[in-house]
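Below you'll find the structure, written out as structure tokens, and then a few comments.
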Amino acid sequence: MNYTFFDFLALIGSLGLFLYGMKIMSEGLQKMAGNRLRSILTAMTKNRVMGVFTGLLITALIQSSSATTVMVVSFVNAGLLTLIQSITVIMGANIGTTVTAWLISLLGFKVSIVDFSIPLMAVAIPFIFSGKSKRKSIGEFIMGFALLFIGLDWLKNNMPDLQSNPEMLEFLSRYTDSGFWSVLIFLGVGTLMTVVVQSSSATMAITLIMCAKGWIPFELGAAMVLGENIGTTITANIAAIPANVSAKRAALAHLAFNVFGVIWMLCIFYPFTHLIAHLVENLGVGDPHQLTAFTAGLDKETLSAISSTGDTGLTGEQMALKEQFLQYQLATSYGLSLFHTMFNIINTFIMIWFVKLIAKVVSIAIPQKETDEEFQLKYISTGMLSTSELSLLQARKEIVVYSERAGRMFNLVKELYTENNENEFVKKFSRIQKYENISDRMEVEIAGYLTKVAEGRLSENGKHRLQAMLRVVSEIESVGDSCFNLARTIMRKRDDKANYTPEMDGNVQLMFGLMEKALAAMKKQLTTDQEPHSDEYNRSENIENEINNFRNQLKLQNLNDVKEQKYDYQASVTYMDMINECEKMGDYIINVVEALDEEYYK
């Protein structure tokens, strides 16, 4: 087999296409998802059993556990699934992938979703060029989906073609007589082959070929199947490279789940494989152990003749041997498929009780960095309510977190304004965009939670507080919108290559300083356990007046400066856009303070 440097470059390019498809699909999903898809996914994964069933169903339909886990990572990255929900779906995917093994055994046929990728692109093009943003997002999602599967297919095609060259693996037959060490060796072989081939189904086919050639017995084929379960997790971990911390944890959970399963299976490996062989034999298919002994008793010419696809030229004795050979092959294939299915079903049944433990382990293994942001709420759950008054306390804590995120978003805007490094600028803008998505989702979820709380029994004071909270949530979301608008204006300034004078930069920084003071005063009133004090309210109002007066002063000054050609008109446009956006943000902040003052939010 000739594997050139050009083939290696094609492999790297395929990986790049896969990762790009993952990125486009995830971004399109975030834009188009909305609450409906979130609600459907939440309903489908509302408990562990439903999550497992969802993963099983999706994998059985698209015939690829790798594809399912990649989509799960994408959903986690988009904030549509929690880490615990994703783990249950991945467990179901492990069972669903055994359907593929049975199809290989029974039919030798596998539905390939890549065949539909190019037609999917044709469907995506009209959406991408649509004037409506939602349709564009749908088009991006479809295009990313298609590119992702093309990338997966090209990864397989550009890997060393082990499946068509099984002779390369004949040397492995020398390591079949080392007892339990042989089991561990072939477990490693199965893992490595799946990583290389990028498909557990293809590795299953290779395993069947090796058993059919008589190179390895049934038990070692089963060991390779265990290795395939570990190796197939590499796809999700590759998909999680550009994703957020939750997606990385979901991918690691897939690996942890399969590794834990393999560990307990190795403890009962020989009794379990004998049980599987006994079940297959009782079904009337035959004993999976007999294939190795059968092929070992034949000379090479006879084995080559009866293992060929045609029947021409075979003697009556050879035809009988071929029929017996095919029956043993079928028994081995059934045995490996049943082993694969039983292992994943039992493993899921055991590990489903430890989902929270797995989530905790992967969370410790991949700690959250300061630059990472979770999409889920911290103190409240949209699916469960405490008593009404206690729910208000939980919502209050969540609103404080919401305001803190708005503050961090504004700090990023300040950093973006002074950032000169191109790569860092793009990273910071991307983080601000992510914060904007988080802000929008938090508003909807907190407001939805408060709406449910309103249906319960609340005191008059509680009702006033709830109304204030709804207004506060809406205004904080508007603060987030203003931050994102400022970031886009800074991006526009950079694209226009607008040159600001030192005086302009100084004025922008002064306005940013006023905004920081306003946000700090707002946060202080949100976090206080006392009723809003009139002095604090007056302080916030004074800051707001200062912002308004400064904006008016700069507007007049800008007209004179442009007239005197101190700077060009194009620079003045982005300059005043930033000043005006800051003034709007000041309005939203004072609205929060007013809501707290009028409704006695505490």
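The values are calculated or read from the model by the stated rules, or taken from the named source; none is laboratory data. Only a predicted model underlies this, so the values are computations on that prediction, with no experimental measurement involved. Counting neighbours? That spans all protein chains shown, and the Cβs are built from the backbone with ideal geometry, glycine included. Surface accessibility is based on the protein's heavy atoms, side chains included, excluding ligands, DNA and RNA. Shrake-Rupley method; radii C 1.70, N 1.55, O 1.52, S 1.80 Å.
Side notes on the structure shown:
- Residue in segment 336-353 that is at pLDDT 85 or above, surrounded by 15 or more Cβ atoms within 10 Å (Cβ to Cβ) and aromatic (Phe, Trp, Tyr) present: yes
- Test: residue in segment 203-214 that is of a type in the set (Ser, Thr, Tyr), within 30 Å of the chain's Cα centre (by Cα), at pLDDT below 80 and buried (at least 23 other Cβ atoms within 10 Å of the Cβ): yes
- Test result for ALA43, assigned to a helix (DSSP H, G or I) and modelled with pLDDT of 75 or more: no
Table: residues versus (1) modelled with pLDDT of 65 or more; (2) over 19 Å from SER246 (Cβ atoms).
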| residue | (1), (2) |
| --- | --- |
| LEU11 | yes, yes |
| LEU19 | yes, no |
| ALA33 | no, no |
| MET50 | yes, yes |
| VAL70 | yes, no |
| PHE75 | yes, no |
| ILE84 | yes, no |
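- Residue that is within 28 Å of the chain's Cα centre (by Cα) and over 29 Å from LYS23 (Cα atoms), where the choices are VAL453, VAL473: VAL473
- Members of segment 424-449 that are of a type in the set (Lys, Arg) and open to solvent by 50 Å² or more (accessible area, probe 1.4 Å): LYS427, ARG431, LYS434
- Residue that is crowded, with 21+ Cβ neighbours inside 10 Å and more than 15 Å from SER403 (Cα to Cα), where the choices are ARG465, ARG492, ARG488: ARG465
- Residue that is modelled with the lowest pLDDT [pool: residues in segment 233-251 that are under 15 Å from VAL89 (Cβ atoms) and open to solvent by 10 Å² or more (accessible area, probe 1.4 Å)]: SER246
- Here GLY506 meets the list (1) among the small types (Gly, Ala, Ser); (2) out of contact with any Asp or Glu (no Cβ under 9 Å at 6 or more places or on another chain); (3) surrounded by 22 or more Cβ atoms within 10 Å (Cβ to Cβ) almost entirely, failing just condition (3).
- Complete set of residues in segment 562-572 that are free of Cβ contacts under 8 Å to residues at least 12 places away in the same chain and either touching a Pro at 6+ places or on another chain (Cβ under 6 Å) or in a helix (DSSP H, G or I) (or both): VAL562, LYS563, TYR569
Yes/no per residue for (1) among the polar types (S, T, N, Q); (2) farther than 23 Å from ALA518 by Cβ; (3) in a loop (DSSP other than H, G, I, E, B):
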residue	(1), (2), (3)
SER403	yes, no, no
PHE410	no, no, no
GLU415	no, no, no
SER430	yes, yes, no
ASN437	yes, yes, no
LEU450	no, yes, no
ASN461	yes, yes, no
VAL473	no, no, no
LEU486	no, no, no
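Every residue, every condition in (1) surrounded by 14 or more Cβ atoms within 10 Å (Cβ to Cβ); (2) modelled with pLDDT under 80; (3) touching a Pro at 6+ places or on another chain (Cβ under 8 Å), yes or no:
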residue: LYS378; (1), (2), (3): no, yes, no
residue: LEU385; (1), (2), (3): yes, yes, no
residue: SER388; (1), (2), (3): yes, yes, no
residue: LEU392; (1), (2), (3): yes, yes, no
residue: GLU398; (1), (2), (3): yes, no, no
residue: TYR402; (1), (2), (3): yes, no, no
residue: ALA406; (1), (2), (3): yes, no, no
residue: LEU412; (1), (2), (3): yes, no, no
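Per-residue answers, yes or no, for (1) open to solvent by 50 Å² or more (accessible area, probe 1.4 Å); (2) touching a strand residue (DSSP E or B) at 6+ places or on another chain (Cβ under 7 Å); (3) at pLDDT 80 or above; (4) among the basic types (Lys, Arg):
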site: LYS156; (1), (2), (3), (4): yes, no, no, yes
site: ASP161; (1), (2), (3), (4): yes, no, no, no
site: GLU167; (1), (2), (3), (4): yes, no, no, no
site: LEU187; (1), (2), (3), (4): no, no, yes, no
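- All positions within segment 120-139 that are modelled with pLDDT under 85, open to solvent by less than 70 Å² (accessible area, probe 1.4 Å) and under 13 Å from GLY28 (Cα atoms): SER137
- Condition check for SER363: at pLDDT 75 or above, surrounded by 16 or more Cβ atoms within 10 Å (Cβ to Cβ) and under 30 Å from LEU279 (Cβ atoms): no
- Residue in segment 282-297 that is nearest to LEU220 (Cα to Cα), counting only those that are in a helix (DSSP H, G or I) and either open to solvent by less than 90 Å² (accessible area, probe 1.4 Å) or touching a helix residue (DSSP H, G or I) at 6+ places or on another chain (Cβ under 6 Å) (or both): THR292
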